[in-house]
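Novice: Take a look at this one; I'll ask things after.
The values are calculated or read from the model by the stated rules, or taken from the named source; none is laboratory data. The structure displayed is predicted, hence computed values, not measured ones. Cβ coordinates were reconstructed from backbone atoms using ideal geometry, including for glycine residues, and neighbour counts include every protein chain displayed.
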Amino acid sequence: LGEALEKVRWRTHGRYRFRGVPDPVAVFEVGEEGLAPLKAPPWSSKAHREVPFWRRPATVVIEAVLLVALIAVPLVFFLRPDPAIAFAKRDWVVVGSLHNLTSESVFDDALESALRIGLEQSRYVNVLPDLKVRDTITRMQRDPDETEIDRKVGSEVAIRDGARALILPTIAEIGGRVRITAELVDPQTQTTVYSETADGIGKESILPSLDAINSRLRVRLGEALATVSSESLPLEKVATSNLDALRLYSMAIKAQAVGDIVQANIQLRSALRLDPGFGTARIELATNLLPLGERQEVSEQLHLALASADRLTARHTLYAEALLADFSSPRLAVEKWQALTTAYPDMFRAQGAYAYFLWQYANDFQRAIDVARRNISEQNPNTGIGHYLLGTLLLGAEDFPGAIEQFGEAEKLGAKVQNLMLASTHAAMREFGKIENILAAGKIHGGGSRSIEETVARITFAIDAGDWKTLESLMTTINATDRSLDPASAQTLDDLKLALATLFATTEKNQSLDYPPSKARQAEARNDKNYHARSWNAHLLFRAWAAARSGHVEIAKALLAQMGSEVRDPGFPTLNKLLLLTQSLLDFQSGKHEEALARLQSSIDGKELYATHITLMELLLKRGDYPAARDQARWLASHRGRAYAETTAGDMWLPMNVAQSNIALLVDAECSMHLGDAAQAGKAMADFSKHWPERDLPVPLKERVDRLALDIEKLPAPSAVR
């Protein structure tokens, strides 16, 4: 081959079978690189390479398919995501009715409550309250007492109330073992997303099984396992291992849901006899007793519950501490409710209480409004009351249209209220003709008699409208010695009479007023176990302020000397503010004018009392600082909503505050007269006379009006306006 030898290539292509040749033949190829194909001959019907069966093309394809299947199928089963619901932190679940496949009826209510208590330990998962579920079923035109919360009904409830999931519990006895199953259902499709099961032997295994299921459900819904482990206590501790006690507790909760507090308390006490350490039941009992005025027993029940804090969930511990704080310090109470709402922002019972105490104890309307808005969620079973509270706070913030809108929402939702704050809103707008119909439409919870609050409100409305005849008639019907009145209400009526006397009595009459409370009233306050000591101090401070305001310095000092240490304790902000008012009056009368005025002015922070502006206005008038006094008068006249809504210092201030919102117009006119502003003096005087016509005025006010009219006539006429 010569030089071509270097380009020659030899190839072995293996053994081939030829058609018609019995034995395989070895095939070789010799060729020049670049010219010869140098590759195995193609597979054909006449000849094909001899290979094992498993390496033939058709077999290889089948083998590849099988290999892919063997790899893919396990991957699909092991790596595919579990069916899931788009559940996020603080989303809601509905707990359905227990499907009891055993012969033990004790499980029927007990396990539902145990499941709820376990889930409610979570800060991640929210459980729709039973009362809200009942309300929704009623709106579905079903009987909540007869309707089972099954897959269909529970899904509809969840969709209506914005819940993400439905949990359906089942208990059955299988092969001598007690099996508890909880299915998590997607309400939109009514399909089971997943289920958790736990088995045990005997009744004593039920609560541990529920604990296991609760933990798994919470993890499945997205809560961190570490959080579930660290923040959860066994149900045997936080509930009770006594299933009969747990069943009685469940029955009590159902009785509360229909408003039968008497029956609920009976069942709670029965549960506590079976298990005295059942702290959750004690807290529910204390909650029910609080509106009944049984403060001493409430305190006892809460202390007993907290004495076994290891048997309470973190939520119940904080709740009990917040309730108990009201017995020691208003400021502490506000702080405890704030801590509870921070930890459990969807605990509506806490949100409502926090907003209420910000209003009642801190006089902080704006912050209370922010909290109250969070409380009117669609998941709140008491949304109606939440709307009414928000309306009251908006009244105090001078947002009258917003307040009326919220009161309307409360009425739509069936809130049982006396409509006093709705009537007050229209009164603040001077729409007095609507008040009687509004009060007549009010509902009294429990069907009791009209309250002392309505008596005070009606007197206030009469004063505000300048209806002196109605006021006189109402005052003659007040009987502070009525045996049906509790000491606090009787004292409020006494103080109310004193307030009106200081407002409308002549100078000579003021000298003969009895500013100190009677000995009988003091004895009643000391002997009533439910009469809070700080309420008595608030009454004493009101009388001391009234005495100092009327120039009875020694009487005011004597009243201050009778007061307890609470009035100077920073934990009692309202008492501190009332003391500041009285002390400022006394300092001013002792010649410390600058100090008294500076103290009052520095206390104005948006949470000050309405009476702070009254006191400051009157002292500025005495000082002869007419521009500053007029500013205070205009503040009082423009904050009539605040005058009606502010109750932190007690109901006895209501008629005083509202009356001063009218008298402030007269003060505006007097200050303008002193400043030579005839136009403004005449306008303010006209506004005052429009609301309180001169012919019907009490004598002291009529004398002021007459003097002012003469003084205004002496002023030069205002120049014409081009």
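Novice: Kindly indicate which of G414, G402 is assigned by TED's automatic domain parsing to the domain that holds D370, at pLDDT below 95 and surrounded by fewer than 24 Cβ atoms within 10 Å (Cβ to Cβ).
Specialist: Answer to the selection: G414.
Novice: Suppose the filter is within 31 Å of the chain's Cα centre (by Cα), within 30 Å of P573 (Cβ to Cβ) and of a type in the set (D, E, K, R); does D631 pass it?
Specialist: no
Novice: Looking at F28, F87, can you tell me which residue is out of contact with any Asp or Glu (no Cβ under 8 Å at 6 or more places or on another chain), closer than 30 Å to K254 by Cβ, modelled with pLDDT of 80 or more and not in a helix (DSSP H, G or I)?
Specialist: Result: F87 is the single residue among F28, F87 that is out of contact with any Asp or Glu (no Cβ under 8 Å at 6 or more places or on another chain), closer than 30 Å to K254 by Cβ, modelled with pLDDT of 80 or more and not in a helix (DSSP H, G or I).
Novice: Right, another one. Being of a type outside the set (A, V, I, L, M, F, W, C) and in contact (Cβ under 8 Å) with a residue 24 or more places away in the chain narrows it down to one residue among R367, R349, R373; which is it?
Specialist: R349
Novice: Under the condition of being hydrophobic (A, V, I, L, M, F, W, C) and more than 25 Å from Q296 (Cα to Cα), which residue from segment 316-367 is modelled with the highest pLDDT?
Specialist: Among those residues, the one meeting the criterion is F365.
Novice: So, in segment 376-389, how many residues would count as being more than 18 Å from I404 (Cα to Cα) and either under 10 Å from the mean Cα position of the chain (by Cα) or not polar (S, T, N, Q) (or both)?
Specialist: Here the count works out to 5.
Novice: Of (1) out of contact with any His (no Cβ under 8 Å at 6 or more places or on another chain); (2) modelled with pLDDT of 85 or more, N510 satisfies all except one. Which?
Specialist: Condition (2) is where N510 drops out.
Novice: Here's a follow-up. Look at V157 and say whether it is under 23 Å from the mean Cα position of the chain (by Cα), at pLDDT 90 or above and assigned to a strand (DSSP E or B).
Specialist: No: the conditions fail for V157.
Novice: Quick one: which residue in G408, G352 is among the small types (G, A, S) and in contact with a helix residue (DSSP H, G or I) (Cβ under 7 Å, 6 or more places away or on another chain)?
Specialist: G352
Novice: Would you mind telling me which numbered condition in (1) surrounded by fewer than 22 Cβ atoms within 10 Å (Cβ to Cβ); (2) modelled with pLDDT of 95 or more; (3) part of a helix (DSSP H, G or I) L620 fails?
Specialist: It is condition (1) that L620 fails.
Novice: In segment 368-382, which residue that is part of a helix (DSSP H, G or I) and surrounded by fewer than 24 Cβ atoms within 10 Å (Cβ to Cβ) is modelled with the lowest pLDDT?
Specialist: R374
Novice: Let me ask you something else. Considering only residues that are free of Cβ contacts under 8 Å to residues at least 60 places away in the same chain, of a type outside the set (D, E), under 13 Å from G118 (Cα atoms) and not in a loop (DSSP other than H, G, I, E, B), which ones fall in segment 214-242?
Specialist: Scanning segment 214-242 gives S215, R216, S229.
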